[in-house]
Amino acid sequence: MAENKELAGKVAIVTGAGRNIGRAIALALARAGASVVVNVRSNQTEGDAVVGEIQAAGSKAVAVLGDIGDEKTAGVLAETALKRFGRIDILVNNAALRREKPIADMSYAEWREVMNVILDGTFHCVHACLPALKKNGGSIINIGGMSAHIGSKDRAHVIAAKAALVGFSRALAHDLASDKITANCVVPGAIDTTRPASAQKPARHLTHGTITGERGKAEDVAAMVRYLCGPGGRYVTGQTIHVSGGAYLGS
């Protein structure tokens, strides 16, 4: 049976889409029929690889290199979507930095580096895409983090930024409801993703087990994003939705 193409004719921008959850989201939206602007911060090879996967599956995509902490990058993403595909319907703010450092040793520059990508970058992208999103009654998905709800050691900057995305999503839902734009925060938790060999497993993975007995996959998060961007998700807005196998039970 042919896969449902509920997003046919739609155009999506996914930040931080070169690997893991961002890549899975870009591929899921493309499988649903959307054309995708794939943003990567610095690894053009990863971006091109995702574009190649999307094109091989019969959809359209283009890779855009740039740090969304720089306001200019957000403008380039929006301009590229409009020039290549003519519209913007979906914005997925996934790009993030996941640094670890004790608060006593953290400099303000290190604090700002993380906040600039996770929170300020999301603001930049929303601002850049809003005029086009308003024309089509689009969807904004901000990707949160479970640590913002349960806490975690040595991640004060990441937790603060991810927690702010929850409030920002609710504010956007109110501000943009009259434009038929939905805004939600999808929170992955207990998801197995590829990490550098030197990176430690997040503390929450050791203290918060799933009730399903299994770790999730990036595709599980992508499936929720796809649903929220499709016709079945149009009555869902301002929500914080956890995709964690029950590792966190709450709002």
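The values are calculated or read from the model by the stated rules, or taken from the named source; none is laboratory data. Since this is a predicted model, take the numbers as computed values, not measurements. Neighbour counts are summed over all protein chains in view; Cβ atoms, including those assigned to glycine, are modelled from backbone coordinates with ideal geometry.
Which one of these is free of Cβ contacts under 8 Å to residues at least 40 places away in the same chain and on the phi > 0 side of the Ramachandran plot: G33, G47, G18?
G33
Can you name every residue in the range 1-31 that is crowded, with 24+ Cβ neighbours inside 10 Å and in a loop (DSSP other than H, G, I, E, B)?
Selection gives L7, T15, G16, A17, G18.
Taking the range 195-231 as the search range and keeping residues that are assigned to a helix (DSSP H, G or I), over 21 Å from I13 (Cβ atoms) and not aliphatic (A, V, I, L, M), which one is modelled with the highest pLDDT?
Applying the filter and picking the extreme gives D220.
Checking G121 against (1) touching a residue at least 60 places away in the same chain (Cβ under 8 Å); (2) surrounded by fewer than 24 Cβ atoms within 10 Å (Cβ to Cβ); (3) not hydroxyl-bearing (S, T, Y), which single condition isn't satisfied?
The number of the failed condition is (2).
Do you know which residues across the range 120-149 are farther than 21 Å from T73 by Cβ, among the aliphatic types (A, V, I, L, M) and part of a helix (DSSP H, G or I)?
A148
Being closer than 21 Å to D70 by Cα and assigned to a loop (DSSP other than H, G, I, E, B) narrows it down to one of R87, R98, so name that one.
Working: R87 fails: closer than 21 Å to D70 by Cα.
Answer to the selection: R98.
Yes or no, residue by residue, for (1) without any contact (Cβ under 8 Å) to a residue 40 or more places away in the chain; (2) under 22 Å from V243 (Cβ atoms):
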position: R112; (1), (2): yes, no
position: C125; (1), (2): no, yes
position: N136; (1), (2): no, no
position: D154; (1), (2): no, no
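For the condition assigned to a strand (DSSP E or B), among the aliphatic types (A, V, I, L, M) and more than 15 Å from the chain's Cα centre (by Cα), what is the one hit in A104, A81, A63? Steps first, answer last, please.
Working: A104 fails: assigned to a strand (DSSP E or B); A81 fails: assigned to a strand (DSSP E or B).
That would be A63, the only listed residue that is assigned to a strand (DSSP E or B), among the aliphatic types (A, V, I, L, M) and more than 15 Å from the chain's Cα centre (by Cα).
Being of a type in the set (S, T, Y) and buried (at least 18 other Cβ atoms within 10 Å of the Cβ) narrows it down to one residue among S107, S59; which is it?
Numbers: S107 fails: buried (at least 18 other Cβ atoms within 10 Å of the Cβ).
Exactly one residue qualifies, and that residue is S59.
Condition check: over 20 Å from G75 (Cβ atoms) and in contact with a Pro (Cβ under 6 Å, 6 or more places away or on another chain). Does D154 satisfy that?
yes
Which residue is surrounded by the fewest Cβ atoms within 10 Å (Cβ to Cβ), if the candidates are limited to the range 150-181 and must be of a type in the set (K, R) and in a helix (DSSP H, G or I)?
R170
Quick one: in the range 226-251, of everything that is under 13 Å from S169 (Cβ atoms) and among the hydrophobic types (A, V, I, L, M, F, W, C), which residue is farthest from the chain's Cα centre (by Cα)?
The selected residue is V236.
Buried (at least 24 other Cβ atoms within 10 Å of the Cβ), at pLDDT 95 or above, over 22 Å from L228 (Cβ atoms) and not hydrophobic (A, V, I, L, M, F, W, C): which single residue out of G47, G52, G66 fits that description?
Of the residues listed, the single one that is buried (at least 24 other Cβ atoms within 10 Å of the Cβ), at pLDDT 95 or above, over 22 Å from L228 (Cβ atoms) and not hydrophobic (A, V, I, L, M, F, W, C) is G47.
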